1. Between Lys200, Lys245, Lys119, find the one with the highest GNM mean-square fluctuation for the chain; connect C-alpha pairs within less than 10 Å.
2. Can you compute the FRET efficiency between Thr10 and Leu334 using 1/(1 + (r/R0)^6), with r the Cβ-Cβ distance and R0 = 35 Å? Round to the nearest 0.05.
3. Given springs between every Cα pair under 10 Å in a Gaussian network model of the chain, which of Val166, Val290, Val72 has the largest fluctuation?
4. Take Arg116, project a point 7 Å from its Cα along the Cβ direction, then tell me which residues of segment 312-328 have their backbone nitrogen under 15 Å from it.
5. Would you tally the net charge around Glu113, using a Cβ to Cβ cut-off of less than 14 Å, leaving Glu113 out, and scoring K and R as +1, D and E as -1?
6. Looking at the square roots a ≥ b ≥ c of the eigenvalues of the Cα gyration tensor of the chain, which shape do they give, rounded for a/c under 1.5, prolate if a/b is larger than b/c, or oblate?
7. Multiplying the sequence separation of Ala305 and Lys200 by 0.36 nm and subtracting their Cα-Cα distance, what value in nm do you get?
8. Could you check the spin-label model distance between Asp156 and Thr51? Points 7 Å from the Cα along Cα→Cβ, value in nm.
Amino acid sequence: MLIVMHHTATEAQIDRVLKAVEAMGLQAEPIPGSLRTAIGVLGNQGYVDDTTIRNLPGVRETIHVSKPYKLVSRDFHPESTAVQVGSAVFGAGHPPVIIAGPCSIETEEQMLEGARIVKQAGAGMLRGGAFKPRTGPHSFQGLGVEGLKLLRAAGDASGLPVVTEVMRIEQLPAICEHADMLQVGARNMQNFDLLKEVGKTGFPVLLKRGMSATLEEFLAAAEYIVAEGNSRVVLCERGIRTFEKATRNTLDLSVVPLIKQMSHLPIIVDPSHATGKRSLVPIMSKAALVAGADGLMVEVHPDPAKALCDGAQSLTGEDFTRLMAELEKLKAVL
């Protein structure tokens, strides 16, 4: 439930409502805003009788929120959230942030060269996978902690904040030591224990949509993180699984404006994993920005032909530099 106070409500009246909610055995979450003060009511397992609350001085109205996600919704938080990761800021009127780098961390030379390429082209963050969730057990699984060290060194050398994926709770201490942002991948979107622990770290989180997840399930997964007191969440659309086989996944760009209507969290798009085809990444990157995305996550490799993971969807340095120049022109128009 959401309790909307009159704009003239006093601190004493707001405090009285907070105590009334707590007396009902529920959690009261004040939500200050520029035009109104609202109080979110959490912890209920069913319908809340709002008769007592509705008649308190200063209360304008009560709104019953039936969504499984509340803290990430526009109902509870009308104003857009900005998430800062080092020098990069996602959402809330800021320019789109471009995250770029190789799918997997392979060698020191590869990471340093990849970081140099994406930095020079204008990327705002560096990506790289140290722990890799692969469909087959015989595929390259990543370098682990050694890869984290290489990613950190490349980020420091280029001056870019870094993001990498966490697959298990026990990996969190090492990843938090080396990364600036934690990525929860599509396969772990509904790993609720992991989401809770990631939320407790307070680190910025990049949450990817599950390959078969509905929009409601996607936002409910983000709710697990925010419910732990961590609102520094950036959503990522990376394509969903459909009957179509021409591309790796089906890129659902309609989710970008929909999420902006329903949630205050920023959302970016990963055209590399969505299409699986290098030739489609530039045009879908532009389409994502036109749809209103707060950024992109693009795979870039110094030599895609020798990549140990996802070389077919990785841009070369030349490709990426050209794309960034085209995106600058597009941003000027937008």
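1. Ranking Lys200, Lys245, Lys119 by mean-square fluctuation puts Lys245 first.
2. Working: r = 43 Å, r/R0 = 1.23.
For Thr10 and Leu334, the calculated efficiency is 0.20.
3. Residue with maximal mean-square fluctuation among Val166, Val290, Val72: Val290.
4. Only 317-318 pass the distance filter.
5. Values: positive: Arg116, Lys119, Lys306; negative: Glu106, Glu108, Glu109, Asp303, Glu318.
Residues close to Glu113 contribute a combined charge of -2.
6. Working: a/c = 2.17, a/b = 1.96, b/c = 1.11.
Here the chain falls in the prolate category.
7. Working: separation 105, 0.36 × 105 = 37.80 nm, distance 3.95 nm.
Working it through step by step, the gained length comes to 33.9 nm.
8. 6.5
The values are calculated or read from the model by the stated rules, or taken from the named source; none is laboratory data. Here the structure is a predicted model, which is why all the values come from computation and not from measurement. Cβ: placed from backbone, ideal geometry, glycine included. Neighbour counts: every protein chain shown. Calculation scope for accessible area: heavy atoms of the full protein, side chains included, ligands and nucleic acids excluded. Shrake-Rupley method; radii C 1.70, N 1.55, O 1.52, S 1.80 Å.
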